[in-house]
Amino acid sequence: MESPNPSTKGKSDGEGGWLDSFGKAYRDAAPYLALGIQLAATVVLLFFFGRWADEQFSTRPWMMLIGLFVGTVAGMINFVRTINQLGKRHQDRGQ
């Protein structure tokens, strides 16, 4: 008896198999998965920068609030810009 070929294990009828489909889906979704982390990191980073500035200049809570506001606006601008770029890329590929 011949041993089964390990390169065809898990493949179905001429397709790349479920692993290739999963890999393609993950590659397509990966840019979107990072957006939430980027948004949160921007807001949190500028919040803590504002908090630090409050301690340095004794302006509590104004710099913290400004940092929070600027972080939120900058994060949302980055979020919308990235979504638009990914949408254009998706359209250019004809999908």
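Pairs needed: first member in the stretch 22-38, more than 14 Å from Val80 (Cα to Cα); second member anywhere, surrounded by 11 or more Cβ atoms within 10 Å (Cβ to Cβ) and not polar (S, T, N, Q); C-beta distance under 6 Å; at least 6 residues apart or different chains.
none
Among the residues of the stretch 41-95, which ones are on the phi < 0 side of the Ramachandran plot, outside any helix (DSSP H, G or I) and either loosely packed, with under 11 Cβ neighbours inside 10 Å or of a type in the set (Phe, Trp, Tyr) (or both)?
Arg93, Gln95
Each reported figure results from applying straightforward, stated rules to the coordinates on display, with no laboratory input. On a predicted model such as this, the values are computed, not experimentally measured, just so you know. Positions of Cβ are backbone-derived with ideal geometry, glycine not excepted, and every protein chain shown enters the neighbour counts.
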